[in-house]
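Throughout, read-outs are computed from the coordinates displayed, never taken from laboratory work. What you see is a predicted model; the values in this text were computed from it and never measured. Reconstructed Cβ throughout: ideal geometry from the backbone, glycine too, with neighbour counts over all protein chains shown.
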Amino acid sequence: TGSTGTHAINPHLYKDLPYDPLKDFVPVAGLVDYELVLVVKPTAKWKTFGDFIADAKARPGALNYGSAGPGASNHMVSEMLGVLAGTRFVHVPFKGDGPSLLALLGDQIDFMFMPISTALPFARDGKLRMLATTGATRSPKTQDVPLAKDMVPQMEFAGWNGIFAPAGTPREIVERIAREMPAILNSPEMAKAMDGVNNAATTPDAFAARLRSEYQFWETIVKRSGARVN
């Protein structure tokens, strides 16, 4: 399997990856995807996403954010927001989302992005304020949370996981695997395991098109942000 990170983002972050995501693999099918939500402490001065963006643009480099580590989805989505909003943030990497969340709750960082399913319990308990999601449409679970893209054009992100085969795999094998995925993902067992993520089963061609589009998009974002891991 591969992900947004391994196949669309990392090729632009790392200088010496031992693989070419476009040449060494054949996209077979998408599996799942998930949106993120920008969260702050409930005591933060930003009541809305508009408040947050206005402050961030007025004070480039003044706000910091936490991530699960260099190259993590919440690292890159935070950089993406800075690029698209025309401002800058300071990255504070942690070893995982847990330590990053603890830093946010402890007022050591200003904000972070996290999966909606992870943020919801904290928001319901009044420990986090959700300012905006990265989805294309409002999630059924967060109907009252605005979409980031409505204020910052192109600020849309859904991290994904999918199946890849080695380059040169016969087309009939690729198509057979792809045809079987919807039934597997829609099974009761998988539906329970997928709580908090979306079914993203696709045809090989649709998955390949998504990969190419996101590969090009992240190439631009990484270059403009100046992000680099090595």
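Brief remarks follow.
- Across 45/95; 47/95; 57/149; 149/192, pairs whose alpha-carbon gap is larger than 24 Å: 45/95; 47/95; 149/192
- Placing +1 on the Cβ of every Lys and Arg and -1 on the Cβ of every Asp and Glu, with nothing else charged, gives the stretch 105-211 a dipole about its Cα centre of roughly 100 debye.
- Gyration tensor verdict on the stretch 175-230 (Cα atoms; rounded if a/c is under 1.5, prolate if a/b is larger than b/c, oblate otherwise): oblate
- FRET efficiency for residue 107 and residue 16, using Cβ-Cβ distance with R0 set to 41 Å, rounded to 0.05: 0.60
- Residue-span extension gain [residue 194 to residue 58] - 0.36 nm each, minus C-alpha spacing: 45.0 nm
- Range in the chain, longest, excluding exposed chymotrypsin sites (Phe, Trp or Tyr not before Pro) [loop by DSSP; at most 15 other beta-carbon atoms within 10 Å]: 20-230
- Mean sequence separation of contacting Cα pairs (under 8 Å, at least six apart), scaled by the length of the stretch 46-175, corresponds to a relative contact order of 22 percent.
- Computed from the alpha carbon atoms alone, the convex hull of the stretch 1-118 holds 126 Å³ per residue.
- Expected 222 nm ellipticity per residue - DSSP helices of 4 or more, -39500 (n - 2.57), all of the chain, to 500: -11500 deg cm²/dmol
- Our compactness index for the chain, the C-alpha radius of gyration over the empirical 2.2 N^0.38 Å, is 1.04.
- Set of aspartates and glutamates with alpha-carbon distance to residue 223 below 15 Å, sequence-local pairs under 8 removed: 79, 214
- Lys, Arg +1 and Asp, Glu -1 on Cβ, resulting dipole of the stretch 151-230 about Cα centre, debye, nearest 20: 300 debye
- Ordering 218, 198, 208 by the projection of their Cα atoms onto the charge dipole of the stretch 185-230, which places +1 on the Cβ of Lys and Arg and -1 on the Cβ of Asp and Glu, puts 218 at the extreme positive end.
- At full extension, residue 172 and residue 136 could sit 9.7 nm farther apart than now, given 0.36 nm per residue minus the alpha carbon distance.
- Centroid-to-centroid, using Cα positions, the stretch 79-157 and the stretch 190-230 are 18 Å apart.
- Working from Cα pairs under 8 Å separated by at least six residues, relative contact order for the chain is 37 percent.
- Positive end of the dipole of the stretch 122-195 (Cβ unit charges, origin at the Cα centre): among 128, 169, 152, the Cα lying farthest that way belongs to 128.
- Taking a ≥ b ≥ c as the square roots of the eigenvalues of the Cα gyration tensor, the stretch 110-230 is oblate, since a/c reaches 1.5 or more and a/b is not larger than b/c.
- Relative to the Cα centre, the charge distribution of the chain, modelled as +1 at Lys and Arg Cβ and -1 at Asp and Glu Cβ, gives a dipole magnitude of about 540 debye.
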